[in-house]
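Worksheet: the structure to be examined is printed underneath.
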Amino acid sequence: MTGRRGGRPLVPAYLSTGGVARPSRPHLERLTVLTRARTPLPTGLPAAELALLELLSGGTLTAVEAAALLRLPFSAVRVLAADLVDRDLVRTRAPIPAAERFDPDLLKRVADGLRALKHQ
């Protein structure tokens, strides 16, 4: 999980997932929002899953943010998150579809128009 200063991680990613290569929930995407559930933690969780749960105790993160903070490949975090979802320890929410996102250009034009009205 933690890396050496020069590059290669000390623990290969496949070991952090217990050798599992495919998540049980293939719908998990990079921008899937992960939230820790309020259920008590069972004993005997692997260190990588505990690290992910600890990250989520501060709030929600996307799966790709969790991967970056854990310094693991996204594919490994997908496996870890899917296992925690299966155990009802983590909740997921799909990313906001592109059609529902705000258009930054439109917001900039509205802000510019409001500034122009203010100065008239």
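Output the qualifying pairs, or none if there are none: Cβ atoms under 8 angstrom, residues six or more apart or on different chains, first residue in region 50-63 and in contact (Cβ under 8 Å) with a residue 40 or more places away in the chain, second residue open to solvent by less than 50 Å² (accessible area, probe 1.4 Å).
Close Cβ pairs satisfying both conditions: Ala51/Leu70.
I'd like to check something: does region 73-80 contain any residue that is free of Cβ contacts under 8 Å to residues at least 60 places away in the same chain and surrounded by fewer than 20 Cβ atoms within 10 Å (Cβ to Cβ)?
Yes; the residues of region 73-80 include at least one that is free of Cβ contacts under 8 Å to residues at least 60 places away in the same chain and surrounded by fewer than 20 Cβ atoms within 10 Å (Cβ to Cβ).
For region 45-84, which residues satisfy the criterion of being modelled with pLDDT under 90 and hydroxyl-bearing (Ser, Thr, Tyr)?
The answer is Ser75, and nothing else.
Identify the single condition in (1) closer than 16 Å to Leu28 by Cβ; (2) in contact with a Leu (Cβ under 7 Å, 6 or more places away or on another chain); (3) modelled with pLDDT of 90 or more that Arg87 does not satisfy, given that it satisfies every other one.
(2)
Can you tell me which residues in region 63-72 are part of a loop (DSSP other than H, G, I, E, B) and open to solvent by less than 20 Å² (accessible area, probe 1.4 Å)?
Answer for region 63-72, where residues must be part of a loop (DSSP other than H, G, I, E, B) and open to solvent by less than 20 Å² (accessible area, probe 1.4 Å): just Leu72.
Mind counting the residues in region 33-54 that are open to solvent by 50 Å² or more (accessible area, probe 1.4 Å) and assigned to a helix (DSSP H, G or I)?
3
Test Arg93 against the stated conditions and say whether it is in contact (Cβ under 8 Å) with a residue 24 or more places away in the chain, among the basic types (Lys, Arg), surrounded by 14 or more Cβ atoms within 10 Å (Cβ to Cβ) and within 30 Å of Ala47 (Cα to Cα).
Spelling it out, it is not the case that Arg93 is in contact (Cβ under 8 Å) with a residue 24 or more places away in the chain, among the basic types (Lys, Arg), surrounded by 14 or more Cβ atoms within 10 Å (Cβ to Cβ) and within 30 Å of Ala47 (Cα to Cα).
The values are calculated or read from the model by the stated rules, or taken from the named source; none is laboratory data. The structure presented is a predicted model; accordingly, all values stated were derived computationally and were not measured. Glycine gets a Cβ as well: all are built from the backbone with ideal geometry, and neighbour counts include every protein chain shown. Note: accessible area is taken over every heavy atom of the protein model, side chains too, but ligands, DNA and RNA are not part of it. Shrake-Rupley method; radii C 1.70, N 1.55, O 1.52, S 1.80 Å.
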